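Shown next, in structure tokens, is the structure this report addresses.
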Amino acid sequence: MNKADLRFAFKEKRKALSSKELLKLNDLLLIQFQRLDFSTVQNCMSYWPLEQMNEPNTHLFTRFLQHMIPDLNIYYPKINSNNLLDAVEVNDDTVFNTNEWGITEPNEGAVIKPSNLQLVLVPLLIFDQKGYRVGYGKGYYDRFLANCSNNAILLGISFFEPIQIIKDTHEFDIPLTIGITPEQIYEF
């Protein structure tokens, strides 16, 4: 299938999940996440999950990381005046607002270069067996990920097992390095 068809299909699959199923799937995802080695991570970019899209609860993963890595710096995406993503540092005092697209982002904070991140949690609808993903179609993350270090962990979290192949990937698509599902961890 191509990205447009996959985007539609997996938005519908996620919307069909009940609140009980979401709780169970998020717990299973967290168990898989906890199996990974994050000992080299100092700077992590996460994101605020879109509840209306039934996204995986990334707050569970960032809280786990903060517990395991006390000096961890957490960053969240914010669209800047050039219509690009910035990684903005957040803490317990950070004020968040929801932008015109329904994305919750920090009001302000120090910006880090993408190349200084060791871990990026990448939003997606589905990924394939090569690590390519279908996002929401705006290309913000692919432009951002192109500037990350080759050593950075680009981690996608999905409620669904990967599909075989996304037919219309192109040269600007940046594959994940790790994909997590409730059942398995995939390394690419």
Legend entry - Taking 45, 1 and counting other C-beta atoms within 10 Å, the order from fewest to most: 1, 45
Inset, instruction - Scan [x] 26, 18, 17; [y] 29, 18, 13; [z] 23, 19, 18 for the value of semi-axes √(5λ) of the Cα gyration tensor in Å calculated from this model and give just the label. - result: [z]
Inset, instruction - Could you tell me which of the pairs 3/130; 3/138; 78/138; 11/138; 20/138 are separated by over 20 angstrom between their Cα atoms in the structure shown? - result: 20/138
Legend entry - the chain - mean residue ellipticity at 222 nm from DSSP helices (-39,500 (n - 2.57) per run, n ≥ 4, rounded to 500): -7500 deg cm²/dmol
Legend entry - In order through segment 158-165: 3J(HN,Hα) via Karplus (6.51 cos²θ - 1.76 cosθ + 1.60), integer Hz, x for Gly, Pro: 9, 6, 10, 5, x, 7, 5, 7
Inset, instruction - Restricting to segment 121-188, compute how many DSSP beta bridges are antiparallel as a %, nearest 5. - result: 45 percent
Inset, instruction - With θ set to phi - 60°, apply the Karplus curve 6.51 cos²θ - 1.76 cosθ + 1.60 along segment 181-188 and write out the HN-Hα couplings as whole Hz, x wherever there is a Gly or Pro. - result: 10, x, 9, 7, 10, 10, 10, 10
Legend entry - Karplus-derived HN-Hα couplings along segment 168-173 (A = 6.51, B = -1.76, C = 1.60, θ = phi - 60°), whole Hz, x at Gly and Pro: 10, 6, 9, 4, 8, 6
Legend entry - Within-13-Å neighbourhood charge of residue 175 [Cβ basis; K, R +1; D, E -1]: -3
Legend entry - FRET efficiency estimate (nearest 0.05) - Cβ-Cβ, residue 84 to residue 160, R0 35 angstrom: 0.75
Inset, instruction - Using only Cα atoms, locate the centre of segment 124-188 and the centre of segment 11-69, then give the distance between them in Å, rounded to an integer. - result: 15 Å
Inset, instruction - May I ask you to compute the full-extension gain from residue 99 to residue 184, defined as 0.36 nm times their residue separation minus their alpha-carbon distance, rounded to one decimal in nm? - result: 27.3 nm
Inset, instruction - Grab the beta carbon distance between residue 170 and residue 113, set R0 = 25 Å, and tell me the FRET efficiency rounded to 0.05. - result: 0.50
Legend entry - Residue order, fewest to most surrounding Cβ atoms within 10 angstrom, among 5, 128: 5, 128
Inset, instruction - Evaluate E = 1/(1 + (r/R0)^6) for residue 136 and residue 17, where r is the Cβ-Cβ distance and R0 equals 22 Å; express this FRET efficiency to the nearest 0.05. - result: 0.80
Legend entry - DSSP-assigned coil residues among GluC sites (Glu not before Pro) in segment 81-127, each with at most 16 further Cβ atoms within 10 Å: 100, 108
Inset, instruction - Starting from the Cα of residue 146, step 7 Å along the direction of its Cβ; do the same at residue 68; then give the gap between the two resulting points in nm. - result: 3.2 nm
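Just so you know, all these numbers are worked out from the coordinates, no wet-lab data involved. Nothing here was measured: the structure is a model prediction, and the numbers come from that model. Here Cβ is always computed from backbone atoms with ideal geometry, including for glycine, and neighbour counts include all displayed protein chains.
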